[in-house]
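The values are calculated or read from the model by the stated rules, or taken from the named source; none is laboratory data. Bear in mind the structure is a predicted one, so any value in this text is a computation, not a measurement. As a convention, Cβ positions derive from the backbone with ideal geometry for all residues, glycine included, and neighbour counts pool all protein chains shown.
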């Protein structure tokens, strides 16, 4: 029996989400260590092998790194990260920042080389979305109440 196409698509999305999360973590760790890592012999070849291992379907390296390393760390710090993101969201919704955003939008719509940020491919002004952040959109399992 074949898995349902929707379940297969969800599994594929989760696999790539895990891979890019691990890749982002490795890239973030690599930046400050760049001067040190340039002295490691065959570093770039080893990094290539690591990246192949991470995304190889037979080894599922990214899933292993995520489940055994990244997920426990994130679970431990989730309340702190959630509180930080909520406070960041509250501060970005302040009225003075909304005014600055609207002013920048108006400036960009009148400036020829910035106009493509504001206009669509057909040249007409884009409608400004009412939702300022991705977290404003209700999810499929959300009943409409904010937490």
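Brief remarks follow.
- Of the residues making up segment 67-74, at least one is assigned to a helix (DSSP H, G or I), within 18 Å of the chain's Cα centre (by Cα) and in contact (Cβ under 8 Å) with a residue 24 or more places away in the chain.
- Matching option when the condition is loosely packed, with under 12 Cβ neighbours inside 10 Å and either modelled with pLDDT of 90 or more or touching a strand residue (DSSP E or B) at 6+ places or on another chain (Cβ under 7 Å) (or both), among 36, 67, 88: 36
- Some residue of segment 8-28 being surrounded by 11 or more Cβ atoms within 10 Å (Cβ to Cβ), at pLDDT 90 or above and in a loop (DSSP other than H, G, I, E, B): no
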